[in-house]
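For reference, the structure is listed below as structure tokens.
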Amino acid sequence: MTPLMLVLFTGIVMMTGFALDLIRHESERSDLQDALDRGVLAAASITQTVDAEVTVLEYLDTRALTSGAVAHSVIPDTQLNSRRIDASAEFEMPTMFLRMAGLGALPVAATSAALQRLQDVEVSLVLDISGSMAREVSSSTSQSRLAVLRGAASHFVDVVLNEAARDRTTISLVPFAGQVNAGPMFDHLNGSRVHSYSSCVEFTNSDFATTALPAADSRAQVPHFQWFRFEGAYGFEAAWGWCPSNAQPILPLSNNPDALKARINALIGHDGTGTQNGLKWGLGLLDPSTQPVTEHLVASGAVNAAFAERPAAFGNPDVLKVVVLMTDGNIRYQQRPKPTSYDSSSERAHWASNQLNSSNAVLSSSSSQNSDEDFRVEQFLALCQQAKDAGILVFTIGFDISETDDAYDEMRDCASSAGHFYHVAGLELVTAFDQIASTIEKLKLVK
């Protein structure tokens, strides 16, 4: 029995030793792969000025386990708008136990590749400034939702318009309440201004079947009125009007972080929640058919001449189109003054400071509030699908809403995927915007 036990014991020791060599081999491989991954990521950066091979080798020299020379291959591929690095590394790991079986060394190998593409980026930042946004958030912070939004959206601008990306990136700021103040784009769509209190245009039902903006001089002006309670009368940061005032218009195709943040920090609440209108404008500023309007905005000085050819064509691999949509409430019906109550300058002046009621207002497109809201949701979701079909990346944020609210379902269903929908409360909004901005900027490992 003794010789047998010695043979078995020797076998067990050898098998244990073989296992230890294999464990060491996997640890070495993992360590080499990690160093190579970090090296190609650093070397693939467009802003990297050090030679690609030198960069990769510097990272290989920082391995935590075996140090020393490795056989390597680094193949850079630098194009006008991109930089790709393919690399491989290999060395021989001496064995301690497997050599007894004739294996004096095991090869440790890793391959990796990284790509950074300098894409042109077009972002539409569509932000809810309805009256409820002027109220305090539901969490422990005493700030208003607008105050939290200002900080979060400003940080988003800083991240997306970083110095390296600024020349290739534009952000269109689209604040919405019941409607959207078209600002410098109003004169293009409206054929006849009725009043000067604000500058919103009426979209027709068919407009929501496409991401394109309507033809020039084809849409009527939205009356200036108030339907829900005036939040400003209760001490909240809010101004009069279903259509935001002329101080809160669209800021199209800007890469000026200071201008964008100044406009964001000046946002105050208005009446209504026309999310479908906000999204319509946001998508219109990403649709290539809007390019003639951009040329007009360049000529008037509203847009930098460097972006005269934006929005770019759909499907262009060198262009990333993104819409970021944030709301804190359900889509609402579109109330309007009766035409007979808004057909003179004195009546228009009256409703610019006096609230409508059911005797002087009618519902748009429906005789039922519920069905009208459902109809607006259908318009909204149709736009979301149009955006996704066109290859636009859709991020949505449900801010300070309950999972039982209609807005939760609306934002979740609109997003490009479940991972593109953020349900946040209070200061979590800052994290949501930060994560979206980081996603846009992320350098991706491709192999």
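The values are calculated or read from the model by the stated rules, or taken from the named source; none is laboratory data. Just so it is clear, the structure is predicted and the values come from calculations on it, not from any experiment. Every residue, glycine among them, receives a Cβ derived from its backbone with ideal geometry; neighbour counts consider all protein chains shown.
If you check Asn255, Asn304, which single one turns out to be in the same structural domain as Glu202 (by TED's automatic domain parsing), out of contact with any strand residue (DSSP E or B) (no Cβ under 7 Å at 6 or more places or on another chain) and either modelled with pLDDT of 95 or more or more than 21 Å from Glu202 (Cα to Cα) (or both)? Exactly one residue qualifies, and that residue is Asn304. Restricting the search to strands (runs of 3 or more DSSP E) fully inside the range 59-118 and requiring at least 3 residues that are among the polar types (S, T, N, Q) gives 105-117. Within the range 81-126, which residues are within 30 Å of Cys384 (Cβ to Cβ) and among the β-branched types (Val, Ile, Thr)? If the condition is that a residue be within 30 Å of Cys384 (Cβ to Cβ) and among the β-branched types (Val, Ile, Thr), then Val121, Val123, Val126 are the ones that fit.
Filtering the range 132-142 for residues that are assigned to a strand (DSSP E or B) and either more than 20 Å from Gln248 (Cα to Cα) or touching a Phe, Trp or Tyr at 6+ places or on another chain (Cβ under 7 Å) (or both) leaves a non-empty set.
Within the range 260-289, being farther than 16 Å from Val322 by Cβ, not hydrophobic (A, V, I, L, M, F, W, C) and not in a helix (DSSP H, G or I) holds for Gly269, His270, Asp271, Gly272, Thr273, Gly274. For the range 67-105, filtering for residues that are closer than 30 Å to Ala165 by Cβ and either among the acidic types (Asp, Glu) or outside the structural domain of Glu53 (by TED's automatic domain parsing) (or both) leaves 2. Restricting attention to the range 342-381, the residues that are of a type in the set (Gly, Ala, Ser), at pLDDT 90 or above and surrounded by 15 or more Cβ atoms within 10 Å (Cβ to Cβ) add up to 1. Candidates in the range 201-236 are the residues that are touching a Leu at 6+ places or on another chain (Cβ under 6 Å) and closer than 17 Å to Gly269 by Cβ; of these, the one that is surrounded by the fewest Cβ atoms within 10 Å (Cβ to Cβ) is Trp227.
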